[in-house]
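Take a look at the structure below.
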Amino acid sequence: MKWIKRIALVLVVLVVVLGVAGAAAWPYLTAREPFPATSSYRIDLDALEALAVEGGGALPVAVQHELVAIAGMPRAAIFAGESFDDHPMGHGAYRIVYADGSAVVVDAVFSEADMNEMPGEGRFDARAFDKLKETMLEADAVVLTHEHFDHIAGIGQIDDFEALAPRLVMNSEQLASDEAQLFMSDALRAAVEPRDYEETMQLTPGVVLLRAPGHTAGSQIIYVKPVEGKALLLIGDVAWHLDQIRNEHYRPRLVTDLMLGEDREAVLNQMRALKDLLDSDRVAVVSSHDLDDRRRLIDAGVLEDGFR
């Protein structure tokens with residue numbers, strides 16, 4: 001498994017190149033770390049709701065999730081200090097639906113060819129991926145939680161870039177990322193005008209973008225206020241599994257610092273804020289890769305299973 005090999009390689013480098021000091025650093029790089037007692041990251045649900053309904057307009061009637069792929073990752077990469085047993089992670093996209101048929105698509109998962117380059121075993125639903133590509137070209141807007149390949153690569157699979165470009169909503173950090181350079185053509189990148197904002201921005205009625213740099217420079221949380229039921233926070237990869245937030249059990253530094261290049265302090269503060277919201281039960285917090293919580297949210301009627 002490539003992830004295990006990469007982790008093993010880092011260990012070898014630490015031990016062989018850095019010697020005793022490197023070996024001593026290993027517990028630090030893999031240890032569990034507590035969340036801060038209070039958060040410097042602000043998620044004001046009242047303000048988000050006020051902005052979501054500002055200007056009137058019909059609110060969304062449903063949030064759908066299309067599961068395109070399932071791939072494994074070592075639990076040790078998700079939960080610091082745990083085993084290297086395989087943990088399944090879901091990969092898909094969201095469709096925020098309005099009564100008149102308009103919609104917003106969130107994220108653009110990778111192709112089957114990209115999946116074949118990923119570590120471990122998994123499965124890919126080609127029908128679901130084709131549905132995602134069709135839906136992106138029918139949507140009023142396509143927005144990304146962040147610019148990692150498993151959330152942006154699908155954009156590069158759309159042949160008609162002139163039809164896609166007006167729909168793409170990307171901030172400057174996302175457009176300038178290595179992933180955008182890799183998965184988007186020069187013509188597509190040139191055709192997309194960045195949509196930047198300071199803290200929050202209403203995208204469509206009931207949908208608000210909230211800046212959340214940390215996991216990546218262009219990360220953002222997407223707040224959805226449906227016409228009925230509980231509001232949702234689509235948090236992207238702030239957490240890969242909600243147990244990381246519930247149990248205050250973050251990714252190890254080996255992953256966040258040496259592999260992902262995260263701003264660890266920023267993400268820990270975001271997790272603290274999300275933990276407080278989970279405890280209050282005022283909003284549904286939705287992680288992109290958490291298959292366990294996906295099923296729970298579908299059973300509860302918060303998410304619909306598949307694009308319809």
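The values are calculated or read from the model by the stated rules, or taken from the named source; none is laboratory data. Just so we're clear, the structure is a prediction, and the values are computed from it rather than from any experiment. No Cβ is skipped: glycine too gets one built from the backbone with ideal geometry, and neighbour counts run over all protein chains shown. Just so you know, the surface numbers come from the protein's heavy atoms only, side chains and all, with ligands and any DNA or RNA stripped out. Shrake-Rupley method; radii C 1.70, N 1.55, O 1.52, S 1.80 Å.
Sort out which residues of the stretch 92-123 are over 17 Å from the mean Cα position of the chain (by Cα) and either of a type in the set (Val, Ile, Thr) or under 18 Å from Gln220 (Cβ atoms) (or both), and write them in order of number.
Val97
Just to be sure before I move on: is Val10 open to solvent by less than 10 Å² (accessible area, probe 1.4 Å) and either of a type in the set (A, V, I, L, M, F, W, C) or modelled with pLDDT under 95 (or both) in the structure I sent?
Considered against the rule, which asks whether it is open to solvent by less than 10 Å² (accessible area, probe 1.4 Å) and either of a type in the set (A, V, I, L, M, F, W, C) or modelled with pLDDT under 95 (or both), Val10 comes out as no.
Quick check on Pro252: is it more than 25 Å from Val302 (Cα to Cα) and open to solvent by 40 Å² or more (accessible area, probe 1.4 Å)?
Against the criterion (more than 25 Å from Val302 (Cα to Cα) and open to solvent by 40 Å² or more (accessible area, probe 1.4 Å)), Pro252 does not qualify.
What number goes with the only condition from (1) within 20 Å of Gly92 (Cβ to Cβ); (2) touching a residue at least 40 places away in the same chain (Cβ under 8 Å) that Val208 does not pass?
(1)
Within the stretch 183-202, identify whether any single residue is assigned to a strand (DSSP E or B), surrounded by 15 or more Cβ atoms within 10 Å (Cβ to Cβ), in contact (Cβ under 8 Å) with a residue 60 or more places away in the chain and polar (S, T, N, Q), and answer yes or no.
yes
Could you tell me which numbered condition Ser177 fails, if it satisfies all but one of (1) surrounded by fewer than 18 Cβ atoms within 10 Å (Cβ to Cβ); (2) modelled with pLDDT of 95 or more; (3) closer than 27 Å to Pro74 by Cα?
If we test Ser177 against (1) surrounded by fewer than 18 Cβ atoms within 10 Å (Cβ to Cβ); (2) modelled with pLDDT of 95 or more; (3) closer than 27 Å to Pro74 by Cα, just (1) comes out false.
Restricting to the stretch 92-128, name every residue that is under 24 Å from Asp257 (Cβ atoms) and not acidic (Asp, Glu). Steps first, please.
Of the stretch 92-128, the ones under 24 Å from Asp257 (Cβ atoms) are 117-120.
The answer is Met118, Pro119, Gly120.
Could you list, in sequence order, all residues of the stretch 229-247 that are among the charged types (D, E, K, R) and either at pLDDT 95 or above or part of a helix (DSSP H, G or I) (or both)?
Asp237, Asp243, Arg246
Please find, within the stretch 34-80, the residue that is surrounded by the most Cβ atoms within 10 Å (Cβ to Cβ) out of those that are polar (S, T, N, Q) and part of a loop (DSSP other than H, G, I, E, B).
Within the stretch 34-80, the first condition is being polar (S, T, N, Q), and the residues that meet it are 38-40, 64.
Adding the requirement that they be part of a loop (DSSP other than H, G, I, E, B) leaves 38-40.
On the way: Thr38: 9, Ser39: 17, Ser40: 12.
Per the criteria, the residue is Ser39.
Read through the list (1) at pLDDT 95 or above; (2) in contact with a strand residue (DSSP E or B) (Cβ under 7 Å, 6 or more places away or on another chain); (3) surrounded by fewer than 23 Cβ atoms within 10 Å (Cβ to Cβ), then give the number of the only condition that His87 fails.
(1)
Among the residues of the stretch 107-119, is there at least one that is closer than 28 Å to Ala52 by Cβ and out of contact with any Asp or Glu (no Cβ under 9 Å at 6 or more places or on another chain)?
As a first pass, look at the stretch 107-119 and keep what is closer than 28 Å to Ala52 by Cβ: 107-109.
Right, trim to out of contact with any Asp or Glu (no Cβ under 9 Å at 6 or more places or on another chain) and you get 108.
Looking through the stretch 107-119, at least one residue is closer than 28 Å to Ala52 by Cβ and out of contact with any Asp or Glu (no Cβ under 9 Å at 6 or more places or on another chain).
Which ranges mark the strands (runs of 3 or more DSSP E) fully within the stretch 94-152 that have 1 or more residues being open to solvent by 30 Å² or more (accessible area, probe 1.4 Å)?
Correct list: 122-124.
Exactly one condition in (1) farther than 24 Å from Phe149 by Cβ; (2) surrounded by fewer than 18 Cβ atoms within 10 Å (Cβ to Cβ) is not met by Asp292; state its number.
Every condition holds for Asp292 apart from (1).
Tell me, yes or no, whether the stretch 265-283 has at least one residue that is assigned to a loop (DSSP other than H, G, I, E, B), within 27 Å of Arg195 (Cα to Cα) and either at pLDDT below 95 or within 18 Å of the chain's Cα centre (by Cα) (or both).
yes
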